[in-house]
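K.L.:
One structure is given below, represented as structure tokens, and several questions about it will come after.
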Amino acid sequence: MVLAIGYSCKKDEIISDPASLAIGSYVTLVKSNNNIIDYSNLSASKVSIVVKEYGTPVDKIKLHVTKGTTTTDKSKWKLIKEVPYSGETLLEVSATEIAKALGIPVTGLEPGATYTIYNQLITKDNRTFDISNTFAEFAGLTAYNMALTWTAVIVCPFVSTGFAGNFQVTEDGWGDYSPGDVVTVTNGPGANQITLTLYPNPAAGGANGKPWVVAINPATGAATVASQPYGDYPAFGGYTNLKIKTAGTSNYVFSCVGTISLRLNHTGDGGNFGDYNLKLKKI
């Protein structure tokens, strides 16, 4: 196979000799060891994968990082380090190395955030290949098994001991509370669960309030609110028999930093009222 990376030609140009196409290089994923960084153990947490070259021989791999999803804007990439390539090669990055590359203290890594790591290949003939000069249709095909990018996800295992108590509202998109308002969170009723009785707030026209439960994955802090009723807003017509549940995948309860971050969908007799953020910080 000839992999022409970053090569273009005019539509009337005929390539008569396939050898004239440059043979590029990429690495394939041999093994994904771990992509999770434990915020409660930053000094020891590492992410790692094992890769293998394909195409032109690789001399070394430069590892870069950005916060968030993949970008081909290399001006945003921050160099972590270089790793010599030698057969199947272990690429290992610590939480400390990610933070240093980003110019922040290691505690500045954000629980719930994803950090993208970029594998930039330097070949033995001194050419460079990475996600920015590899056709997207190649990089995205599972058949190629490319490992030009990978991720580190910051999580925080949930520990219920000492978590319950008073929390300050930092954001309430639903509008029952203002930033700075204080609410109470209790543990249970089951293991790795917490209970809130926030909605409906009587001060916002609410009535018949019922507690609702958040279930938490103890290994990662990922949170889920199953559909459950929480009350009414009699003054607002169709806002009765309201139910609540989590929406999307960015819902977390992080006991290590005392935060609750939920995206909640509200429905009732009047229909679907949409998704709104609720963020709380332990006092």
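Coordinate-derived values only; no laboratory data. The model shown is predicted, which means the values in this text are computed figures rather than measured ones. FYI the Cβ positions are ideal-geometry reconstructions off the backbone, even for glycines, and counts take in every protein chain you see.
K.L.:
So what are the chain's ellipsoid semi-axes, whole angstrom, largest first, if each one is the square root of 5 times an eigenvalue of the alpha-carbon gyration tensor?
P.N.:
Values for the chain, descending: 48, 23, 14 Å.
K.L.:
So for the pair T224, K245, with labels modelled 7 Å out along Cα→Cβ, what separation do we get in nm?
P.N.:
Placing both labels 7 Å beyond Cα along the Cβ direction yields 1.1 nm.
K.L.:
Take segment 155-222, drop everything but the C-alpha atoms, weight them equally and run the Debye formula without solvent; then report log10 I(q)/I(0) at 0.13, 0.17, 0.18, 0.20 Å⁻¹ to two decimals.
P.N.:
Values returned for q = 0.13, 0.17, 0.18, 0.20 Å⁻¹ are -0.41, -0.69, -0.76, -0.90.
K.L.:
How big is the C-alpha Rg of segment 96-225 next to the rule-of-thumb value 2.2 N^0.38 Å, as a ratio?
P.N.:
Numbers: Rg = 22.2 Å, N = 130, 2.2 N^0.38 = 14.0 Å.
It is 1.59.
K.L.:
Give the Rg/Rh ratio for segment 165-282, taking Rg as the radius of gyration of the Cα atoms and Rh as the Kirkwood radius, to two decimals.
P.N.:
Rounded to two decimals, Rg over Rh is 0.94.
K.L.:
List every residue whose amide H lies under 5 Å from the amide H of S25, counting only residues 5 or more places away in sequence or on a different chain, with H placed 1.01 Å from N in the peptide plane.
P.N.:
Here the answer is T56, since their amide H atoms fall under 5 Å of that of S25.
K.L.:
Right, next: Please state, as a whole number in µm²/s, the translational diffusion coefficient that the Stokes-Einstein equation yields for segment 49-125 at 4 °C and 1.567 mPa s, with Rh defined as the Kirkwood radius across alpha carbon pairs.
P.N.:
Estimated diffusion coefficient is 97 µm²/s.
K.L.:
Could you give the length gained by full extension between V182 and A113, i.e. 0.36 nm per residue of separation minus their alpha carbon distance, to one decimal place?
P.N.:
Here the segment from V182 to A113 would lengthen by 22.3 nm.
K.L.:
Tabulate in residue order the Karplus-calculated ³J(HN,Hα) for segment 145-161, using 6.51 cos²θ - 1.76 cosθ + 1.60 with θ = phi - 60°, rounded to whole Hz; enter x for Gly and Pro.
P.N.:
Taking θ as phi minus 60°, the curve returns 6, 5, 10, 7, 9, 8, 10, 10, 10, 8, 10, 9, x, 8, 10, 6, 4 Hz for segment 145-161.
K.L.:
From the square roots a ≥ b ≥ c of the eigenvalues of the alpha-carbon gyration tensor of segment 21-155, which class results: rounded (a/c under 1.5), prolate (a/b over b/c), or oblate?
P.N.:
In terms of gyration-tensor shape, prolate.
K.L.:
Let me ask something else. How big is the dipole moment of the chain about its Cα centre under a simple scheme where the beta carbon of each Lys and Arg is +1, that of each Asp and Glu is -1, and everything else is neutral? Debye, nearest 20, please.
P.N.:
400 debye
K.L.:
Say the dipole of the chain comes from +1 at the beta carbon of Lys and Arg and -1 at that of Asp and Glu; which of T249, L91, I117 then lies farthest toward its positive end?
P.N.:
The residue sitting farthest along the positive end of the dipole is L91.
K.L.:
Once the dipole of the chain is set up with Lys and Arg at +1 and Asp and Glu at -1 on Cβ about the Cα centre, which of G162, T69, S132 lies farthest towards its positive end?
P.N.:
The residue sitting farthest along the positive end of the dipole is G162.
K.L.:
Another question about this same structure. Could you pull out the pairs from K31/K81; K210/K282; K46/K245; K76/K281 whose alpha carbons sit more than 29 Å apart here?
P.N.:
In this structure, K46/K245; K76/K281 exceed 29 Å between Cα atoms.
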